[in-house]
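First up is the structure itself, then whatever we jot down about it.
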Amino acid sequence: MFFEKIKSVNQTAQYQLTKKFIGIFLGILLVMNVFYLIAASGFVYEYVARRGNDVLYALANEKGKDLNWPVRIDSFVSEKEEDALIIETTQGDVYYSEESKDVFEALYTGKTLPFIDNLIFSHEGLYYVTTKDYGDFKAQLAINTETAAELVSGMFVISIVLNLVAIILGSWVIHKSVGKWSRKLTEMAKEITEVDVLEDTSITVPTDPIEITKVAQAFNELLEKQQNIIKRERQFITDASHDLKTPVAGIRGHVNLIKRRGESHPEIIPTSLDFIDKESARLERLTHQLLDLDQERASQSKMQLDISSLIIEVVESSHVLATHELAINVPDNLEYYGRKSDMEQIIQNVLQNAMKYSDDKSLIEVTLEETNKSLLLKVSDQGIGINKEEKQHIFERFYRVDNSRTSTVEGSGIGLAIVKKIVDSYGGSIKIEDNHPKGTIFSISLPKKR
Ligand code: ATP
Ligand code: MG
């Protein structure tokens, strides 16, 4: 449990980014300091070598002058810096500057640095050591590096401290700002788990960072689509059960009537039977429509159809009860390879819409054309038309345009969904255009079998 918790913290973006930042910064710091040490050592070496050379140069001026060494020797080196000088004359006399005995003793047992053998470490400090033979005397010189080394190491310590402060501040800033984003994501995840798809809820959209804003917006769009689908399905179930209940109630009413009065008033029987016949046919149609939506279509097989006759037949029978003016423009004997029930469904649904959504007595035209690749069926009405936005949606299941006209017309919003499903299965396409002066033209193109 405890380890699980640690593991989940380790996997947060906040933890990982902060860790990465500290790692990179430490790496850079290490490289920088190595370079700094190399450069600083070079500087210290140059400095002491120059001081050594100055002393050697001063000694060279004394060549052949038979100096009073015991008095003068200290004037060549800096006592303050604890430099040391030993002079050995050709006569075999040896002169020491102040403290130089101790210094050289320490240096004889000291350690040289690799590659730079005139730098020696001893308990007296780090010394630059050089010797020179001037003919009448020999000089051994030890220059103390302490001042330069102290300066350099002082700066080194300051730079390390500054770097550490930068790391701590930097990690803190990174930790805070990444934490701000990841908290937004965590809050978003929490809101998402609490969303109730059945209600009109949405999640809060953060204003920044833009990536999180986009994810939240995309999620809300998805949620809205989902909610719309659910609403439409619920509406459909309500509509469908209403549509189913009404004919069933009517049928039962007439059956009861026949039972009670049939014997005494046999004249009511034909009227009731007519009613039962009509209503049960409606029920049958409705159940078929519902089934068609969700199941694979009837297992009728495809065959060569006389599509011209089929269209005329379906149009005329659908029009029996209607009062619209009808113009049928279908050439004779066109053939098409497909299922009869599919073709009937397409024509019926589109034609019924044309009649439902236009005024009685207005003109409806049905046209069939043939090109060498496809058949083109056009149904035009002079009705209420469909605006641009709705055109994208009317093929969705259960979708009905919401206006005063459609609300008075019966329908469940499945007709065109069925048409689209069939046309797609033939590899065809449907185009909706505005008719002039008003109304709609549905053009359905069905490719011919190759
Ligand atoms: P049904 O399932 O009984 O066919 P419906 O006619 O409402 O119900 P669809 O045929 O799928 O459903 O049509 C979807 C919507 O498209 C309709 O509700 C209507 O608003 C609009 N529509 C379809 N055809 C036309 C048309 N010719 N003119 C105007 N609006 C139309
Ligand atoms: Mg319809």
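The values are calculated or read from the model by the stated rules, or taken from the named source; none is laboratory data. Owing to the predicted nature of the structure, the values given are computational and were not obtained by experimental measurement. Please note: Cβ atoms are built from the backbone with ideal geometry, for glycine as well, and neighbour counts cover all protein chains shown.
Before moving on, here are some points about what is shown:
- Screening Ile430 against (1) at pLDDT below 90; (2) away from ligand 2 (no atom under 12 Å from the Cβ) leaves a single unmet condition, (1).
Residue-by-condition table, conditions (1) under 19 Å from the mean Cα position of the chain (by Cα); (2) surrounded by 11 or more Cβ atoms within 10 Å (Cβ to Cβ); (3) among the small types (Gly, Ala, Ser):
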| site | (1), (2), (3) |
| --- | --- |
| Val195 | no, yes, no |
| Asp200 | no, no, no |
| Ala216 | yes, yes, yes |
| Phe219 | yes, yes, no |
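- You will find that of Ser153, Ser182, the residue that is closer than 30 Å to Gly23 by Cα, at pLDDT below 90 and outside the structural domain of Ala58 (by TED's automatic domain parsing) is Ser182 and no other.
- Against the list (1) under 28 Å from Gly338 (Cβ atoms); (2) near ligand 1 (Cβ under 6 Å from one of its atoms); (3) modelled with pLDDT under 80, the condition Arg397 fails is (2).
- Candidate set from the stretch 415-436 (those that are more than 9 Å from ligand 1 (Cβ to nearest atom) and part of a strand (DSSP E or B)); member that is farthest from the chain's Cα centre (by Cα): Asp434
- Checked against (1) surrounded by 13 or more Cβ atoms within 10 Å (Cβ to Cβ); (2) within 30 Å of Ala417 (Cβ to Cβ), Met188 passes all but a single condition, namely (2).
- Selection within the stretch 202-214 - surrounded by 12 or more Cβ atoms within 10 Å (Cβ to Cβ) and part of a loop (DSSP other than H, G, I, E, B): Ser202, Ile203, Val205, Pro206, Pro209
- Going through (1) within 7 Å of ligand 1 (Cβ to nearest atom); (2) within 22 Å of Ser429 (Cβ to Cβ); (3) hydroxyl-bearing (Ser, Thr, Tyr) one by one, Ser412 falls short only on (2).
- Pairs, first assigned by TED's automatic domain parsing to the domain that holds Thr323 and in contact (Cβ under 8 Å) with a residue 60 or more places away in the chain in the stretch 355-367, second more than 13 Å from ligand 2 (Cβ to nearest atom) and in a strand (DSSP E or B), C-beta under 9 Å, six or more apart: Ser358/Ile364; Ser362/Glu325
- Among (1) modelled with pLDDT under 90; (2) more than 11 Å from ligand 2 (Cβ to nearest atom) - the single one Glu410 does not satisfy: (2)
- Top-ranked residue of the stretch 103-140 - restricted to ones that are among the hydroxyl-bearing types (Ser, Thr, Tyr) and free of Cβ contacts under 8 Å to residues at least 60 places away in the same chain, ranked as nearest to Gly42 (Cα to Cα): Tyr127
The rows are residues; the columns are (1) under 20 Å from Ala142 (Cβ atoms); (2) among the aliphatic types (A, V, I, L, M); (3) exposed (fewer than 11 other Cβ atoms within 10 Å of the Cβ).
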residue	(1), (2), (3)
Asn61	no, no, yes
Asp66	no, no, yes
Ile73	yes, yes, no
Ser78	yes, no, no
Glu81	yes, no, no
Gln91	no, no, yes
Tyr96	yes, no, no
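- Matching residues, the stretch 396-429, being surrounded by fewer than 18 Cβ atoms within 10 Å (Cβ to Cβ) and under 26 Å from Ser374 (Cα atoms): Glu396, Lys421, Asp424, Ser425, Gly427, Ser429
- Any hit, the stretch 287-304, residues being within 50 Å of the chain's Cα centre (by Cα) and part of a strand (DSSP E or B): yes
- Test: residue in the stretch 354-364 that is within 15 Å of ligand 2 (Cβ to nearest atom) and out of contact with any Ser or Thr (no Cβ under 8 Å at 6 or more places or on another chain): yes
- All strands (runs of 3 or more DSSP E) inside the stretch 59-119 with 3 or more residues being modelled with pLDDT of 90 or more: 84-89, 94-96
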